[in-house]
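Encoded as structure tokens, the structure appears first; notes follow it.
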Amino acid sequence: MHLHRRWFNLNRFRSGRDGGKDREAVRTLVTEGKEKMMAKRWGWCLSMTGVILLLTACAQVISSEVRAKARKELTFVGVLANPDACRGETVIWGGRIIETRNEPDKTLLRILQTPLDFMAMPEDEETSQGRFLAEIDRYLDPEVYRKGRPVTVAGKIVGARAEPLGDMEYLYPLVQVEEVHLWKQYPPAYGPPNPYSSWTWFVSPYPWPYYYYWPYYSF
């Protein structure tokens, strides 16, 4: 009905009847349509921005207090070059566990470092820049914190430790851990199509939009 009225008014305008009134009516209709369209677009943009901010805030695995103390400009390569110069600095690092070693009053994780994404999740080991040691003041079960599992740690650099690596000695930056997050691993399963992928079906155990985090996902 509304479309019929608008088409009738537009035809009247084109035919020249009631010239001034019809022109004004058409302008009003066009203006109202544009305003409604812009309102919908702004509403959608604001809604998506809120969802993104909410997901980002909820997705962090390291507390806001520790994140506030961490120096983002302090790179792993910079610390690796001179660990003693960075003593006392707070860092958030992660990677794949190489070894879990239990000592009388603590656990030592030997970790293959990888860059972290926006959730502080370790990325592919091909991007590793080296190794480091993470010292945790409690017992961690080596069967749980086993080789190959991704882990994120946050804590202070307390120096470096030289340990054998093949036929050489490797200088590991040493982090006294305040917080540790072990990422869960799930077996793959076929999932429905991903709207952001060119593939119709692919292997993933999670509902959209969490396909990106296969095979590791945890909050």
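Taken together, the values in this text are just the output of simple stated rules run on the coordinates, not laboratory data. Keep in mind that what you see is a predicted model, and the values were worked out from it rather than measured. A quick note on method: Cβ atoms are made from the backbone with ideal geometry, for glycine too, and the neighbour counts reach across all protein chains shown.
When the Cα atoms of the range 75-155 are aligned to their principal axes, the ranges along those axes come out at 31, 28, 20 Å in descending order.
Taking a cut-off of 14 Å between Cα atoms, list the aspartates and glutamates near residue 72, but don't count ones fewer than 8 places away on the same chain. Hits, sequence-local ones excluded: 89, 117. Projecting the Cα atoms of 134, 102, 112 onto the charge dipole of the range 97-141, computed from C-beta unit charges around the Cα centre, puts 102 farthest toward the positive end. Evaluating 6.51 cos²θ - 1.76 cosθ + 1.60 at θ = phi - 60° for every residue in the range 147-154, the Karplus couplings come out as 4, x, 6, x, 9, 10, 10, 9 Hz, glycine and proline recorded as x. Multiplying the residue separation of residue 82 and residue 149 by 0.36 nm and removing their Cα-Cα distance gives an extension gain of 21.4 nm.
Partners of residue 36 within straight-line reach, counting lysines whose Cα lies under 30 Å from its Cα and excluding those fewer than 8 residues away in the same chain: 21. Between residue 38 and residue 72, the FRET efficiency estimated from the beta carbon spacing at R0 = 35 angstrom works out to 0.40. Between residue 65 and residue 124, the simple spin-label model (points 7 angstrom out along Cα→Cβ) gives 3.8 nm.
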